[in-house]
Structure formats: C-alpha cells, structure tokens
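Laboratory data are not the source of any read-out in this text; all were calculated from the coordinates shown. In this text, all values refer to a predicted model and were calculated from it rather than measured experimentally. Note: ideal-geometry Cβ built from the backbone for every residue, glycine included; neighbour counts use all protein chains shown.
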There are 2 protein chains.
Amino acid sequence: MNLELDRYGLWEGINEVIVTTVSLDGKPNAAPIGIIRREGKLMVRVYNGSQTYSNIMETRLLAANMVYDPVLFVRSALSDVDDDVFKFIKTDNGEDFPVIADCNAWMLFEAEFNSENTVLVAELHPVTGTIRQQEIRPVNRAFNAVIEAVILATRYKIFRKDKYLLQIESYSNTIYKCGGSTEKNAYDLIFRLL
Amino acid sequence: MNLELDRYGLWEGINEVIVTTVSLDGKPNAAPIGIIRREGKLMVRVYNGSQTYSNIMETRLLAANMVYDPVLFVRSALSDVDDDVFKFIKTDNGEDFPVIADCNAWMLFEAEFNSENTVLVAELHPVTGTIRQQEIRPVNRAFNAVIEAVILATRYKIFRKDKYLLQIESYSNTIYKCGGSTEKNAYDLIFRLL
C-alpha cells in the first residue's frame, strides 16, 4: 500500500492536491486541500462551512487530484471552477464521481470519521485510482509562491486583514522573476478573485 | 526542441536544478542553480568565484540534473557532496562527465558565453540527456520551504547578516507541519552546515 501511495505521489507529510467531491444531487466541487500521510495513515482536515465538508458528509467520498496547474489552484480556492474542468468516473457501485480531467493522477478515497465538528478529521481509505501522466517537474519558485499566496488569499477572504494582502504582494518579485506565463497569470488571478 | 525541454521538465521561467560540472583534472562538482528558459532560449547565470564558474570556464560544459531530494539541494549548496552521488557518462567525444546518479533526468549542455565578468551569463545548447524516472510529485510546502531556506543560507554564508538566519528560522513551522522526515533532515542539515 505504501509503495502504491508513493507511486501516486502521496508522500510522508502534507501533499497539496485538488480535492474533488460531489453533492448528493450530483454537483461537482473542487478545492485545494492537503492530504496528510503520517505513519502509513492518510488523513484529511476539512473546515465546516465549505462545500467540500458538506459533500464529504453526504457521500463519504473524495478524490485527490495531483495537478501542476497553478491557475487551477487559485480558481478552486477562491471561486468555482468551470464544469469542463471535471470528468466523471464510475465508482465500484456504478455512481458517477468527478475528478479533474487534466490531472496527472487521481485517487478516490472513502472517508472514515466519527464526529463532525468545526473541523472534519477523516481517515482516508483508497478505493481506486488512475495515473494519467508521470512527468519531470523541477522546482519552480514562482509556482511555489503562487501556492503560498493562495493560502494567504483564502485567509484574507475570511479575516480581511491587510497583513495577508501585504504577504501576498511580497511574492510578486519571485513570481515575476522565476515564473512562466502560467504562474504570472495565476498570481494576477488571485487579486481579481479577492 | 521546446517539446523536448518540456519533457525534461525545463519549463518557461527558472527551473531549480542541481548543476554538475567537472574540472579539467576530472574533479566533479554539484551546485543548485536555476536554469532560465525564456522565449525558447536556455540561459544560466553563475557567479564568479564558485567552482561551477571555473569548471564551466574550463570545459564549457554543464549538466542540469532534475532531482527531488532536499538533502542534496542543501548539501550541494553549502558543502561538498560525496563522490558516490555522481556517476560518469561519456560525452560524444569520449570524455567522462559527472551527473547525479540518482536524478530523475539529466541534460548535458554546451555553454556559450563571450566574456567573463562577476556573473557568467551563458546560453545553453543541449547536447544529450536521459530521462531516468518520471513521477507524480504534488506540492509539498515543506520541500519548497527547504529550497527557500537553502537560498537564504547561501546568502548568510556570504554576508553573515542575522536577518537571513531569522528568515531561515521562520520556515521551521511549515517544515515541521508539512514535511516528511526527508524535509526535516534537510532543514536540520542547513543549520549544521552554516
């Protein structure tokens, strides 16, 4: 099992992925979330109030999508993504479940949890998955800075504190120096979606 | 050519890789350096005074090694790496050239430059390369933080300003929260090598 997790890129620590879920009435959702792997166990922490939270409550399913598209991280964190971002796979019991059509890999999990509080802490049990495309991806500091800026942007949207805006702006140099057009577009999009 | 660069992970922007070089008397060297790709051209900037600089001056060759090992980034930035990190490949004219044995991919370049100043700015022309292992690697914020901390550590070694130390220390939370043992070991190693 651990080898299989490695192959899907779910390493020890927190893996930042796009989590897809679906509501009981079939509406797909995407959000950037960390999949925690510690001592062979996979966990996820999801805050009450989010669509991801209520979807997991309803279906007890979620998929981790491994993607390198910074724009998708921004859009799924700060707004809704377009429907054509998803494709639907069939689960074992014949239901449709959304994954990111253009991901490098996805893994579907059953979420096991006991209580629902402010934070849903669920253990994840792999159900199935697909590796679509393995790649070589060296470090791009601008890509990494977009991820940090997105996290700050979600905090800013909740707390509206200027310190988060200033921190987001502090990444501008790195993004314009080290980024390609994708990273620059993603960064600009953050400000439009705040 | 651009598609081939994509396949090797050398995308638009700055790609942080381990650059390997060799001196005329055959001693290999490794250092983390950014490979810049802009408008289809590949460039590298290397500071005078480094071993990488004098090796490129002597041989006009360098290899970009795509790796995900944070410990290797730390060690090659702040000290010498062990000889068993390298393996030697044969260049077209039969010479031995070092690459990182355990890399995911390497690409050998001829460096074209006109003048040698404080900074060597060279255009890179691909000679040959090998893709050893493609993978799925989602974002790990701790891995990214180690890379940022390494950059600050190289500045601290030159300028000895406390502000760099404080910035390095500011990554501790992210590294211990999001990292696996590899990232934590790499981070701890930074302080031992300062």
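Remarks
- Compared with the dominant principal axis of the Cα atoms in chain A, helix A:181-193 is inclined by about 90°.
- Per-residue mean of foreign Cβ neighbours for B:177-187 is 3 (Cβ atoms of other chains, 10 Å radius).
- Considering only B:Ile18, B:Asn48, B:Ile35, the residue lying farthest towards the positive end of the dipole of the stretch B:1-55 is B:Asn48, judged by Cα position with unit charges set on Cβ.
- Charge sum, other residues only, whose C-beta stays under 15 Å from B:Leu42's C-beta, Lys/Arg counted +1 and Asp/Glu -1: -2
- Surrounding net charge for B:Arg132, when Lys and Arg each add one and Asp and Glu each subtract one, Cβ distance under 12 Å: -1
- Between the stretch B:153-169 and the stretch B:3-44, the alpha-carbon center distance in angstrom: 25
- Ordering of B:128-141, A:75-88 by packing [mean C-beta count within 10 Å, highest first]: B:128-141, A:75-88
- Distances in nm from A:Leu194 to the matching label points in the other copies, shortest first (labels 7 Å along Cα to Cβ): 3.1
- Shortest-first nm distances, B:Arg60 label point to equivalent points in other copies (7 Å, Cα→Cβ): 6.8
- Label-point distances for B:Thr154 to the equivalent site in the other copies, using a point 7 angstrom along Cα→C-beta, read 3.2 nm when ranked shortest first.
- The stretch B:90-157: C-alpha gyration tensor shape, a/c 1.5 cut-off, then a/b vs b/c: oblate
- For peptides B:146-156, A:158-168, sequence by mean Cβ density within 10 Å, most packed first: B:146-156, A:158-168
- Size descriptor, Kirkwood hydrodynamic radius, that averages inverse alpha-carbon separations across the stretch B:141-193, Å: 10.7
- Peptide B:124-137, shielding by other chains (average Cβ, 10 Å cutoff): 4
- Distance cut-off 25 Å, percentage of C-alpha pairs in chain B lying past it: 36
- Summed residue charge, Cβ within 12 Å of A:Val85's Cβ, Lys/Arg positive, Asp/Glu negative: -4
- Peptide A:141-148, shielding by other chains (average Cβ, 10 Å cutoff): 5
- Prolate/oblate/rounded label for the protein assembly as shown (Cα gyration tensor, a/c 1.5): prolate
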